[in-house]
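These notes concern the structure reproduced below.
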Amino acid sequence: MKDPTTPYSAHSGHASDHPEFVPLAGERIDTTDGRLLTLPNPEVLTKSIRATAQVFEDPRSKALLARIELVAPSEANVLIIGDTGTGKELIARHVHGLSARRNGPFVAVNCGAFSETLVESELFGHEKGAFTGAFSSKAGWFEAANEGTLFLDEIGDLPLSIQVKLLRVLQEREVVRLGARRPVPINVRLIAATNVRLEEAVKAGHFREDLFYRLRVVHLELLPLRERPGDIMPLARHFVSQYRRRLGYGEIGIHPDTEQKLRQHSWPGNIRELENVIHHALLIARNALLRPEDLYLSSLGLEREAEPEAAPGNSQDEALGQLEKALVGLFEACHEDIFDKIEEVVMRTAYHYCHCNQVQAARLLGVSRNVIRARLIKIGAISALK
């Protein structure tokens, strides 16, 4: 799971005084006229699942860059949609860097990393004595991002009760700290990101429709790496250069067969997976050359491609028919707390199906992470401290 404290923790003060602020999140690269975007201090993010670099050399990426350059100077809220590891925070930083707020703070927050009870205090702040443990007043993320940009990643994980308050903040442009009565005016541009389709969450009743439209003034979609193959080798060369310097190596070449293998891989983990593959390859490469056998590639993408596609409606209808029969048998055998027992099985099964990943299980079921987490704690599947 993403680390909620570095670099997602909120900060206050002028942006230029903060070590993670970058006025412009990009620089020119030598290969083409494309752009390379990198996160500040990427070496501290080796265990993160986020992408630490982004390029715009594939035609689809260049079209996205052109769109970003058109909308970034505005004050409009932005919603970024993309799979994990595609570089959503990098895009948010670039939007900030191209806006009139570039000299203000950029505050990045992972909404899925905080419990429902904690997220309200973190977002809006609290006064001393507002709750047990509130020994001093604290500004929230909105106040920390004043005159700048607030980036809320995994926005779909916000509980409905917090969504209501977030909508009010966006409408009124002021926040009320927990335990306070006087509002604090704020001037913040909001950029939100998600790896789920919020339209589906709205239909399922897990995300407010009015908030969705308030966030989606500008819509930016980041394609998976496999759908923008022109970005693969520029990114690979960037990571080779980055990691060889960290390892103290001289120049490293890439064999043509290695390039072909990199281009043909489906990259289910997107840019972050590519970075890890290059890092590992450099550790075992010999004679200053990356060869195909140096690449340790995930088989997840191949397994997905090998799965036979069911005839439209056939497999799903069959599974639903089996589920219906199982429910009838359960109704006949059990007459107490049937719904709770069914929900428990659904939650537990989804959790284990997603290899005990709460975010992915929530995405599979179309609910927020907080909903599935609360249910898993209730049924004893996970600890409340997890």
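Anything in segment 351-367 that is farther than 15 Å from Ala204 by Cβ, part of a helix (DSSP H, G or I) and open to solvent by 60 Å² or more (accessible area, probe 1.4 Å)? List them, or say none.
His352, Tyr353, Gln360
From Val188, Val217, grab the single residue that is within 20 Å of the chain's Cα centre (by Cα) and of a type in the set (A, V, I, L, M).
Criteria check complete, one pass: Val217.
Quick one: how many residues across segment 50-64 are assigned to a loop (DSSP other than H, G, I, E, B) and under 18 Å from the mean Cα position of the chain (by Cα)?
We begin by selecting, within segment 50-64, every residue assigned to a loop (DSSP other than H, G, I, E, B); these are 50-52, 56-58.
With the extra rule that they be under 18 Å from the mean Cα position of the chain (by Cα), the set shrinks to 50-52.
Of the residues in segment 50-64, 3 are assigned to a loop (DSSP other than H, G, I, E, B) and under 18 Å from the mean Cα position of the chain (by Cα).
Could you pull out the residue among Arg246, Arg286, Arg237, Arg263 that is crowded, with 16+ Cβ neighbours inside 10 Å and of a type outside the set (S, T, N, Q)?
On inspection, the qualifying residue turns out to be Arg237.
Going through Ala100, Ala92 one at a time, which residue ends up being outside any helix (DSSP H, G or I) and more than 24 Å from Gly366 (Cα to Cα)?
After applying the criteria, what remains is Ala100.
Within segment 181-227, count every residue that is of a type in the set (Lys, Arg) and either open to solvent by less than 50 Å² (accessible area, probe 1.4 Å) or touching a residue at least 24 places away in the same chain (Cβ under 8 Å) (or both).
6
Out of all the residues in segment 102-161, which are of a type in the set (Asp, Glu), open to solvent by 10 Å² or more (accessible area, probe 1.4 Å) and within 21 Å of Arg369 (Cβ to Cβ)?
Once the filter is applied, which keeps residues that are of a type in the set (Asp, Glu), open to solvent by 10 Å² or more (accessible area, probe 1.4 Å) and within 21 Å of Arg369 (Cβ to Cβ), segment 102-161 yields Glu116, Glu120, Glu122, Glu154, Asp157.
Where in segment 268-350 are the helices (runs of 4 or more DSSP H), entirely inside, with at least 1 residues that are over 26 Å from Lys88 (Cβ atoms) and at pLDDT 85 or above? Spell out the reasoning first.
On the way: elements: 270-284, 300-306, 314-333.
Ranges flagged: 270-284.
Only one of (1) farther than 27 Å from Gly82 by Cβ; (2) open to solvent by 30 Å² or more (accessible area, probe 1.4 Å); (3) of a type in the set (Gly, Ala, Ser) fails for Gly253. Which number is that?
If we test Gly253 against (1) farther than 27 Å from Gly82 by Cβ; (2) open to solvent by 30 Å² or more (accessible area, probe 1.4 Å); (3) of a type in the set (Gly, Ala, Ser), just (2) comes out false.
The values are calculated or read from the model by the stated rules, or taken from the named source; none is laboratory data. What you see is a predicted model; the values in this text were computed from it and never measured. Every residue, glycine among them, receives a Cβ derived from its backbone with ideal geometry; neighbour counts consider all protein chains shown. Calculation scope for accessible area: heavy atoms of the full protein, side chains included, ligands and nucleic acids excluded. Shrake-Rupley method; radii C 1.70, N 1.55, O 1.52, S 1.80 Å.
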